[in-house]
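Shown next, in structure tokens, is the structure this report addresses.
Laboratory data are not the source of any read-out in this text; all were calculated from the coordinates shown. These numbers were taken from a predicted model, which means no experiment stands behind them. Cβ placement follows ideal geometry from the backbone for every residue including glycine, while neighbour counts extend to all protein chains displayed.
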């Protein structure tokens with residue numbers, strides 16, 4: 001259930017809250033990916049200290065590595081991994097599609113996705129009903145309808161076919177969810193997904209179709225979203241007026257750069273996730289820059305290109321300053337650039353944790369600044 005708390009007076013941004021079976025979280029919100037049931041390099045206590053109220057797991061990857069029925073025996077994914085707050089699950093449509101893109105391991109039909117596991121070579125058939133069953137077995141708070149991802153460089157015929165399948169699968173996903181929800185005391189929320197590739201007319205067609213269905217939230221999916229920011233912003237601006245204000249809008253796979261978050265939140269996006277903030281941290285790229293609020297928007301000012309401090313550079317060898325002097329995270333409060341560079345070059349696992357804490361905290365600080373400016 002979504003409640004609108006505040007509408008920005010200067011743009012289309014807004015503050016809301018989503019009520020789930022494992023607590024309420026405020027939007028806008030960044031959801032750290034915990035693909036296999038763990039946020040890489042971070043303990044649950046780190047997430048609690050950072051004030052993370054929702055994370056994302058991937059139903060397909062969990063299905064291939066740890067049977068959902070086993071997780072169900074542990075009373076669900078929350079007990080299994082020890083996270084007490086909200087969890088959203090991706091249905092696996094993007095991952096099954098990516099198997100085809102990278103290794104020709106999958107084949108998509110109107111009935112579902114046939115694929116071979118890249119982990120052990122086993123064969124599987126993911127249907128909308130199966131995807132929903134898996135997510136219910138996991139016991140997540142928000143689950144996603146099965147969709148077919150449209151690549152950014154797809155031709156229009158491909159995008160049309162993917163859109164048609166996604167809309168049909170949305171109906172089948174809803175039906176499967178509603179049947180299972182009847183048997184549960186507190187069923188999860190379910191989000192539908194808008195596809196259509198980079199084609200605005202297809203995105204608008206999909207938005208109208210999905211918006212008319214009884215989903216609890218709406219997502220923008222496909223490789224274009226987050227990957228091609230210019231087109232992403234255009235899509236948001238075109239489809240947002242077609243969506244109901246009482247449902248959260250989720251841009252899947254978006255949030256790789258802090259500036260991306262600034263741009264989408266002022267256009268009314270409520271939820272987003274991306275592997276990049278933590279992936280960049282692990283590879284020595286740390287968010288940097290003073291977060292500045294003026295009357296119109298939030299900006300970032302940094303001495304480093306694109307607000308990225310590359311900790312491996314020799315100029316930090318004797319640098320006593322923290323990553324970012326304006327940051328209040330555990331890492332910046334206790335450790336120097338020189339020490340972090342030393343850990344990084346040594347490939348010391350501690351670096352991964354400290355860097356991840358910083359980048360995730362930077363995103364949290366940015367979102368708080370954005371919300372306070374609405």
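Working ranking of peptides 26-35, 277-286 by packing, defined as the average number of other Cβ atoms within 10 Å per residue, highest first, is 26-35, 277-286.
Helix-only estimate, please: 222 nm mean residue ellipticity of the chain, summing -39500 (n - 2.57) across DSSP H runs of length 4 or more and dividing by its residues, to the nearest 500. Show your work: numbers first, answer last.
On the way: 15 runs with 154 residues, N = 374.
Value at 222 nm, helices only, nearest 500: -12000 deg cm²/dmol.
Per residue, the Cα convex hull of the range 1-158 amounts to 156 Å³. For the range 6-86, what's the relative contact order in percent, using C-alpha pairs closer than 8 Å and at least 6 residues apart? Normalised by residue count, the contact order of the range 6-86 is 29 percent. Rounded to the nearest 10 degrees, the angle from helix 337-346 to the longest Cα principal axis of the chain is 60 degrees. Between the helical axis of 93-103 and the dominant principal axis of the chain, each derived from Cα atoms, what acute angle in degrees is found, rounded to the nearest 10? Computed tilt is about 80 degrees. The packing ranking, built from the mean of other Cβ atoms within 10 Å per residue, places the peptides 16-22, 146-152, 160-166, 238-244 in the order 146-152, 160-166, 16-22, 238-244, highest first.
The calculated FRET efficiency for residue 43 paired with residue 321, based on their beta-carbon distance and R0 = 22 Å, is about 0.25. Counting every pair of alpha carbons in the chain, the share spaced more than 33 Å apart comes to 29 percent. Our summary gives the range 2-274 a relative contact order of 19 percent, counting only alpha carbon pairs under 8 angstrom and 6 or more residues apart.
Each of residue 74 and residue 24 was given a label point 7 Å from its Cα along the Cα-to-Cβ line. The distance between the two points is 3.0 nm. Apply 1/(1 + (r/R0)^6) to the Cβ-Cβ distance of residue 84 and residue 369, taking R0 = 22 Å, and write down the FRET efficiency to the nearest 0.05. Efficiency for this residue pair is about 0.25.
Here the average projected area of the convex hull drawn through the C-alpha atoms of the range 285-372 stands at 5.5 nm². Taken along the Cα-to-beta-carbon direction at a fixed 7 Å, the label points for residue 208 and residue 334 span 5.6 nm. Helix 229-239 and the long axis of the chain differ in direction by around 50°, with both axes built from C-alpha atoms.
Would you mind pulling out the separation of the Cα centroids of the range 278-325 and the range 1-60, in Å? Cα centroid of the range 278-325 versus Cα centroid of the range 1-60: 23 Å apart. The antiparallel fraction among DSSP beta bridges confined to the chain stands at about 50%.
Stretched out fully, how many nm does the piece from residue 7 to residue 117 gain, at 0.36 nm a residue minus the Cα gap?
Between residue 7 and residue 117, full extension yields 35.1 nm more.
From most to least packed by mean Cβ count within 10 Å, the peptides 311-319, 249-257 give 249-257, 311-319.
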